[in-house]
1. Among residues belonging to the stretch 93-124 that are of a type in the set (D, E, K, R) and touching a residue at least 40 places away in the same chain (Cβ under 8 Å), point out the one that is nearest to P288 (Cα to Cα).
2. Identify the residue in the stretch 128-147 that is among the β-branched types (V, I, T) and open to solvent by less than 10 Å² (accessible area, probe 1.4 Å) and, among all such residues, is modelled with the lowest pLDDT.
3. Identify all residues within the stretch 333-364 that are modelled with pLDDT under 95 and of a type in the set (K, R); write none if there are none.
4. Quick one: which helices (runs of 4 or more DSSP H) sit completely within the stretch 238-329 and have at least 3 residues that are over 27 Å from Q382 (Cα atoms) and either open to solvent by 20 Å² or more (accessible area, probe 1.4 Å) or modelled with pLDDT of 50 or more (or both)?
5. Kindly check whether there is at least one residue in the stretch 66-82 that is at pLDDT 75 or above, of a type in the set (G, A, S), part of a loop (DSSP other than H, G, I, E, B) and open to solvent by less than 60 Å² (accessible area, probe 1.4 Å).
6. Collect the residues in the stretch 83-99 that are at pLDDT 70 or above, more than 27 Å from the chain's Cα centre (by Cα) and open to solvent by 40 Å² or more (accessible area, probe 1.4 Å), keeping them in residue-number order.
7. Please work out if N1 is open to solvent by 70 Å² or more (accessible area, probe 1.4 Å) and either in contact with a His (Cβ under 6 Å, 6 or more places away or on another chain) or at pLDDT 75 or above (or both).
8. Quickly run through the stretch 100-123 and pick out the residues that are surrounded by 18 or more Cβ atoms within 10 Å (Cβ to Cβ), under 13 Å from the mean Cα position of the chain (by Cα) and assigned to a strand (DSSP E or B).
Amino acid sequence: NSGSTSTKKGSSASGGGVWTPLTRVGSAGGIIGGSIGSTLLGFVNVAIEPTHGTRLVGHAYGGSLHCWTMEMTSTEETKDLDADDTPLSLEDLAARIKWKATSCLTGHFNGVTDLCWDALSGEYLLTTSNDQTCRLWGNVTTTASTSNSEDRTSNIWIELARPQVHGYDLTTLTSISTKSHPYWMVSGADEKELRVFDAPKTTIRMLQAIGGGKAGEEKSDLASGVGRVERAYIPSLGLSNKAEAADGAEEEEEEIIPAEMKQQTGGEGEESEITSAPTNSTHQQNLPSERDLGVLSLWPELRKLYGHNTELFCLTSTATARTALPTASDNDECIVASSAKARDVENASIRLWDVEEGKCLQTLKGGHRSTVAALAFSPNGQYLSSSGKDRRLCLWRRNINVIDDHDHSQPLPLFDLAT
């Protein structure tokens with residue numbers, strides 16, 4: 001089925017009849033013409049729970065799973081149905097039943113290429129994959145009833161947002177969360193530019209709802225409204241997530257937004273307030289669906305960083321390195337290091353970036369003769385280690401005495417090859 005799954009009835013007469021839909025669940029959904037990570041493109045299979053037939057699982061093109069649970073329209077009607085022995089026709093029974101979409105298993109459907117913890121507090125995990133998506137995972141508390149009617153609480157990691165849905169395979173990413181920009185990240189793909197993203201309000205509310213560690217900061221951040229948008233949009237032509245709806249591609253009209261992603265507003269013109277953290281049962285009921293993840297949880301792109309001549313291969317930052325320190329650091333400086341596929345010695349280099357200024361600080365050459373495959377800063381940011389496909393391990397040392405050629409009033413911390 002191209003857009004939905006249906007249950008059907010046929011004629012009771014033998015040898016013929018017309019099959020007509022009784023119930024329809026699901027839709028093509030997502031962004032029209034979008035990549036697999038942002039549109040469902042229909043279903044290829046469906047399974048019905050065999051014992052009672054009260055649950056449906058749809059398998060969509062691209063690997064995503066979608067679940068629906070059967071519910072009676074009201075408690076009174078359920079009681080009437082139990083008390084009345086008269087069998088109902090399929091049409092009457094279908095009219096009393098509704099199918100509610102519930103959260104289901106989600107995840108990458110191709111190889112994972114990189115992962116990175118939130119650099120500021122380790123609150124969430126970011127992953128990239130050859131399925132052309134970047135996904136955000138959070139720790140959610142769930143409650144399940146055991147056989148002796150006791151509630152058992154457990155923590156599971158669930159996909160809460162999909163910051164980037166791209167047209168190229170995503171190869172690498174790094175978190176650059178600091179106190180001045182607590183949700184920034186940089187990603188790289190099979191293209192030449194780095195892309196910088198910031199979280200929208202929808203993601204921050206979701207993290208706050210599951211008990212995120214920066215809840216107080218998030219409230220003040222949302223209340224101040226400092227340039228943070230509600231959500232991002234994928235343009236109809238292009239690969240950069242946009243902050244304005246006018247720049248976005250056409251989407252399916254119906255939008256069902258989880259409670260954690262909504263704003264509760266008072267009267268007209270009143271300020272929006274953040275929803276309070278829900279209970280464990282609400283966590284399970286209102287987690288984002290596949291469609292919400294692919295459309296409503298995108299992060300806006302802040303800027304691009306140009307300089308590499310080939311496809312990006314590896315990223316790291318001083319922000320992620322500081323997570324190894326035993327205590328929190330007040331240092332808010334953030335330098336990003338990147339490497340790209342090297343088809344010659346000239347491109348076997350490392351670029352250092354000032355993301356806030358959007359400029360390349362230095363290109364490190366002379367250490368490698370092939371693609372630099374791994375990068376890591378020391379926790380204090382004074383050293384950068386690199387290893388390459390040329391089987392070389394290089395250590396670069398920070399030189400704080402070098403002055404920026406473009407701005408002689410400011411010392412520019414560059415790196416020299418130490419060994």
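The values are calculated or read from the model by the stated rules, or taken from the named source; none is laboratory data. Please read all numbers here as calculations on a predicted model, not as lab measurements. Note: ideal-geometry Cβ built from the backbone for every residue, glycine included; neighbour counts use all protein chains shown. In case anyone asks, the SASA skips ligands and DNA or RNA and just uses the protein heavy atoms, side chains included. Shrake-Rupley method; radii C 1.70, N 1.55, O 1.52, S 1.80 Å.
1. Per the stated criteria, the residue is E123.
2. In this case the residue turns out to be V140.
3. R343, K359
4. Here the list reads 280-285, 290-295.
5. No, the stretch 66-82 has no match at all.
6. P87, S89, L90, E91, D92, L93, A95, R96, K98
7. no
8. Matches in the stretch 100-123: C116 only.
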